[in-house]
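S.K.: Sharing a structure, written as structure tokens. Questions coming.
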Amino acid sequence: MAATGAAVASGIATTGEEPASATSASSASSIETPAAGAPSTGIPLSGISVTGIPASEVTGAGDRALATLRVPQRVAPAELDRARVPSRSGLRTAVAPVKKAALGRHHSVRATATEDPTRKDPRSVARAMLPAFGFGSDQFTCLNSIYVNESGWNVHADNPSSSAYGIPQALPGSKMSSAGPDWQNNPVTQIRWGLGYIKARYGTPCNAWGFKQGHGWY
């Protein structure tokens with residue numbers, strides 16, 4: 001009985017079970033603190049009671065561990081250079097209206113510009129029209145001789161005695177209306193009619209010039 005009383009007094013059960021105080025101590029020691037230098041798990045430690053360390057200090061340590069994980073991402077030098085260069089899309093947006101307006105003015109000028117055929121040198125017009133009637137450039141000399149003699153290449157040459165009119169001295173002048181309604185003022189229309197007349201009647205300007213030299217008219 002004395003041994004049993006001593007065992008009870010010391011808190012050790014006779015059945016082999018550990019005392020309650022021993023179980024509490026074992027349970028408290030099952031929570032371990034991370035070793036110095038061990039990597040942080042990234043889990044905040046606020047509210048967790050660790051034996052021997054105040055909860056406030058544990059919380060601060062957890063926050064500092066998380067802060068060490070927020071390492072700024074390194075940016076490549078090439079990306080930094082591109083970041084410093086202004087975007088070209090912004091420049092294009094600013095320039096586009098000005099460029100569009102300039103192009104609009106350019107096209108409008110070209111669209112409205114017309115060439116007045118009455119201001120052309122009729123000799124140049126006749127020389128350019130020879131191939132259209134099957135005449136070679138060698139025929140221009142004869143054609144020039146005819147028109148110099150008839151009208152001096154004057155689009156408004158008018159013969160009051162015969163009513164012949166224009167560069168080819170069509171008789172009457174209204175015959176040239178078959179080549180265009182502007183026959184009174186347009187050298188192109190008059191020369192077109194004149195070349196057609198020569199081709200149909202004489203075959204070539206040189207043949208017409210030869211006939212004129214012998215008869216005084218053609």
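The values are calculated or read from the model by the stated rules, or taken from the named source; none is laboratory data. These figures come from a predicted structure and were not determined experimentally. With ideal geometry, Cβ positions are generated from the backbone for all residues, glycine too; neighbour counts draw on all protein chains shown.
S.K.: Exactly one of these conditions fails for Y165: (1) over 15 Å from S145 (Cβ atoms); (2) touching a Cys at 6+ places or on another chain (Cβ under 7 Å). Give me its number.
M.R.: Among (1) over 15 Å from S145 (Cβ atoms); (2) touching a Cys at 6+ places or on another chain (Cβ under 7 Å), Y165 violates only (2).
S.K.: Is at least one residue of the range 98-109 assigned to a helix (DSSP H, G or I) and either at pLDDT 75 or above or over 46 Å from the mean Cα position of the chain (by Cα) (or both)? Steps first, please.
M.R.: Initial filter on the range 98-109 (assigned to a helix (DSSP H, G or I)): 98-109.
Within this subset, residues satisfying the condition of being either at pLDDT 75 or above or over 46 Å from the mean Cα position of the chain (by Cα) (or both) are none.
No; the residues of the range 98-109 include none that is assigned to a helix (DSSP H, G or I) and either at pLDDT 75 or above or over 46 Å from the mean Cα position of the chain (by Cα) (or both).
S.K.: May I pose another question? All but one of (1) touching a residue at least 60 places away in the same chain (Cβ under 8 Å); (2) surrounded by fewer than 14 Cβ atoms within 10 Å (Cβ to Cβ); (3) among the polar types (S, T, N, Q) hold for S137; which doesn't?
M.R.: The single condition S137 does not satisfy is (1).
S.K.: Given the conditions (1) at pLDDT below 95; (2) within 20 Å of G210 (Cβ to Cβ); (3) among the aliphatic types (A, V, I, L, M), report the number of the one that V148 does not fulfil.
M.R.: For V148, the failing item is (1).
S.K.: Take A132 and tell me if it is under 50 Å from the mean Cα position of the chain (by Cα), of a type in the set (A, V, I, L, M, F, W, C) and buried (at least 18 other Cβ atoms within 10 Å of the Cβ).
M.R.: Numbers: under 50 Å from the mean Cα position of the chain (by Cα): yes; of a type in the set (A, V, I, L, M, F, W, C): yes; buried (at least 18 other Cβ atoms within 10 Å of the Cβ): no.
Against the criterion (under 50 Å from the mean Cα position of the chain (by Cα), of a type in the set (A, V, I, L, M, F, W, C) and buried (at least 18 other Cβ atoms within 10 Å of the Cβ)), A132 does not qualify.
S.K.: Further question: Can you tell me which residue is surrounded by the fewest Cβ atoms within 10 Å (Cβ to Cβ) among those in the range 185-195 that are in contact with a helix residue (DSSP H, G or I) (Cβ under 7 Å, 6 or more places away or on another chain) and of a type outside the set (V, I, T)? Write out each step before concluding.
M.R.: In the first step, residues of the range 185-195 are kept if they are in contact with a helix residue (DSSP H, G or I) (Cβ under 7 Å, 6 or more places away or on another chain); the result is 185-193, 195.
Filter again for of a type outside the set (V, I, T), leaving 185-187, 190, 192-193, 195.
Numbers: N185: 12, N186: 21, P187: 25, Q190: 31, R192: 22, W193: 22, L195: 22.
Filtering the range 185-195 for residues that are in contact with a helix residue (DSSP H, G or I) (Cβ under 7 Å, 6 or more places away or on another chain) and of a type outside the set (V, I, T), the one surrounded by the fewest Cβ atoms within 10 Å (Cβ to Cβ) comes out as N185.
S.K.: OK, next. Restricting to the range 154-171, name every residue that is surrounded by fewer than 18 Cβ atoms within 10 Å (Cβ to Cβ) and either over 16 Å from Y218 (Cβ atoms) or among the small types (G, A, S) (or both).
M.R.: Step one: of the range 154-171, the residues surrounded by fewer than 18 Cβ atoms within 10 Å (Cβ to Cβ) are 154, 156, 158-163, 171.
Correct list: N154, H156, D158, P160, S161, S162, S163.
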